[in-house]
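The values are calculated or read from the model by the stated rules, or taken from the named source; none is laboratory data. What you are looking at is a predicted structure, and each value in this text was computed from that prediction instead of being measured. Note that we place each Cβ from the backbone using ideal geometry, even for glycine, and neighbour counts take in every protein chain shown.
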Amino acid sequence: MKNWIGKYKLEIGGLIIGAIAGWCYWNFVGCASGNCFITSRPVNSSLYGAMMCYLLFSMFKKTPQKAI
């Protein structure tokens, strides 16, 4: 378990930060009419934020280079 968390700590951090940011966006900005798919409910907004931040953080992960 420690190896798995250590291996994916950047992505896990992105998920947590993104979920918090998505919830904050829903709480402070949100959607007044309720017709917005992403920002109408806190679960949708948190999941979207987690997914976007995961993708953003995973771009910075270093992959080992193969020797030629």
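Taking segment 18-68 as the region of interest, how many residues are of a type in the set (A, V, I, L, M, F, W, C) and more than 16 Å from the chain's Cα centre (by Cα)? Residues that pass the stated criteria total 8. Annotation note: of S33, S46, the sole residue that is of a type in the set (S, T, Y) and modelled with pLDDT under 90 is S33. Figure legend. Inter-residue proximity from segment 1-18: first residues in a helix (DSSP H, G or I), second residues of a type in the set (G, A, S), beta-carbon distance below 6 Å, spacing 6+ or different chains. Indicated pairs: E11/S58; L15/A50; G18/G49; G18/A50.
Among the criteria (1) in contact (Cβ under 8 Å) with a residue 24 or more places away in the chain; (2) assigned to a loop (DSSP other than H, G, I, E, B), the one S46 does not fulfil is (2). When segment 44-60 is filtered for residues that are in contact with a helix residue (DSSP H, G or I) (Cβ under 9 Å, 6 or more places away or on another chain) and either more than 25 Å from K7 (Cα to Cα) or surrounded by fewer than 12 Cβ atoms within 10 Å (Cβ to Cβ) (or both), the ones remaining, listed by number, are N44, S45, F60.
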